[in-house]
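Handing you this structure, nothing more for now.
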Amino acid sequence: MEILIKKNDNNTFAVSIKSLINSKHIITLNDDIYLEMTKGVKSKEELIFFSFKFLLEREKNTLILSKFNLETIQNYFPEYKNEIQNWVNL
């Protein structure tokens, strides 16, 4: 499985997942949420990549929403925020 990220603008990214069934996703990540999650230690692209790896460990790519704000993940997976904090602090 391959995760490709393309920056559309400062806050919007196109994510393509190449798998048995390919999927495409539009992700919104504003600066406030990004800085809250990473404290600027990781790039937005790194955060999105990590987040998709996190999601793909829990569900198929075809079940991931096609368009969402990155912080929405914690609504479905409460452990997401802790996983991000552990990853940032490595």
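Per the Kirkwood formula on distinct C-alpha pairs, the Rh of the chain is how many angstrom?
One decimal place: 13.2 Å for the Kirkwood radius.
Give me the 1.4 Å probe accessible area per residue for region 1-47, excluding ligands and nucleic acids, in Å².
Result: 61 Å² per residue.
Quick one: if you stick a label point 7 Å off each Cα along the C-beta vector at Thr12 and Leu90, how many nm between them?
With each label placed 7 Å out from Cα toward Cβ, I get 3.1 nm.
Given the pairs Lys7/Lys60; Lys18/Lys42; Lys6/Lys42; Lys39/Lys67, which span a C-alpha to C-alpha distance of over 21 angstrom in this model?
Violating the 21 Å Cα-Cα cut-off are Lys7/Lys60; Lys18/Lys42; Lys39/Lys67.
Whole-Hz Karplus ³J(HN,Hα) for region 34-39, in order, using 6.51 cos²θ - 1.76 cosθ + 1.60 and θ = phi - 60°, x for Gly and Pro?
In residue order, the calculated couplings are 4, 5, 5, 6, 10, 6 Hz.
Would you check the accessible area of Glu71, probe 1.4 Å, heavy atoms only, in square angstrom rounded to 10?
Ignoring ligands and nucleic acids, Glu71 comes out at about 50 Å².
Fully extended, how many nm does the chain gain between Met1 and Asp31 (0.36 nm per residue separation, minus their Cα-Cα distance)?
Separation in residues times 0.36 nm, less the Cα-Cα distance, equals 8.0 nm.
The values are calculated or read from the model by the stated rules, or taken from the named source; none is laboratory data. What you see is a predicted model; the values in this text were computed from it and never measured. FYI the Cβ positions are ideal-geometry reconstructions off the backbone, even for glycines, and counts take in every protein chain you see. Quick note on the areas: whole protein, heavy atoms, side chains included, nothing else; ligands and nucleic acids left out. Shrake-Rupley method; radii C 1.70, N 1.55, O 1.52, S 1.80 Å.
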